[in-house]
Amino acid sequence: MKTNILILITIATAILLTSCEKEIEFKGEQTDPKLVINSLVEPGQPVKASISKSYFFLDTPDTSAPDDVVATLYVNGNYIGEMAKQFDTVYWDGYEYDDMGNEIPSYYLATSFVNDYYPAMGDLVKITASAPGFDDVEATTSPLPNAVEAQLDMEVVGWSSWYQESYGETGEDSLLYITAVVNLTITIIDPNPGQSDAFRIHIDRTKSDPDSRNHIYCSAEYDDPIFGSTLPNNDFIDMSDLETRPEGVFSDVLFDGRSYQVKFTEVYVQMMVEETFDPDFFRLPVRVEHLSKEYYNYLYTCDQGDVALQIWAEPIQTYSNVTNGYGLLAGRNVHTLLLDLPLEQPR
């Protein structure tokens, strides 16, 4: 009897779940496409921008910029000139899901522009963009951040290696696998006493040589108190090269006007090395970035959006400083340190 009841309940549940689909007509306001500007400006570097367009979420995705879009550069209110169109670039944009729940890679297309003008620390950079059929858009940075002094110290706390013989098509090659665990201490000096500043420590997650099988993977968890005062979900560095990732961001609230030692314990590093490798390949760039307020605000809302990905959460609007459009024009000043990874057992 119990078995029959269970069968009936199972059948009823299946019928209920398979008959709960209902097509709902969208009755909201449809928004027209707008121009999108994304640009990170660094002192002493040419100004580059990525320009695309938005699309309504019910329409077929199409982010390609209009063919006749014009981008113009201004610095400190002075006209510098038009930005030259370079090429179209396809960017990875995470995953979407089909009706069966399968992951489908999502991409968007944008057009790259550049102007060979080199702005300086403290400059205000403005970019405008226009195209027939679109509202004119513009965005301006706050003063570009000044430089930050930093130094890097490393301690190896774990190391192992092994060979894979008879590797490759001919069976004559061998690969060396190395796994290392290191502690990192990054000392930074606050560049602006008495002023609120924001920073990010940014490390490449992967580094691959297209002509060989050499590669590196890194990841790190951290509990330094400096990270707890800035972003709500900020205790892991994915070692990603994506500019939209909010990990590793902190402010000078704990060391205004002084130096501070940022500590990362047990950074995990995995390497695969062919016999013919370039030792310089295994020097990872560690970037200490001084962020403009626009870049910090953008990363902060990105992080809030990640935390709020739950069914009852309020939507989080990503920060944008582009008038009449979308995107971000922000500044940063980068101090690059080199992490020399061990290629043999430390003695």
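For this structure, a couple of remarks:
- Residue count for segment 326-346, restricted to those that are part of a loop (DSSP other than H, G, I, E, B) and acidic (D, E): 1
- Filter result for A220 (closer than 20 Å to D153 by Cβ, among the small types (G, A, S), modelled with pLDDT of 65 or more and touching a Ser or Thr at 6+ places or on another chain (Cβ under 9 Å)): yes
- Residue in segment 293-347 that is modelled with the lowest pLDDT, counting only those that are among the aromatic types (F, W, Y) and surrounded by 16 or more Cβ atoms within 10 Å (Cβ to Cβ): Y300
- Scanning segment 223-234 for residues that are exposed (fewer than 15 other Cβ atoms within 10 Å of the Cβ) and modelled with pLDDT of 60 or more turns up D223, P225, G228.
The values are calculated or read from the model by the stated rules, or taken from the named source; none is laboratory data. This structure is a prediction, so every number in the text was calculated from the model and none was measured. Cβ: placed from backbone, ideal geometry, glycine included. Neighbour counts: every protein chain shown.
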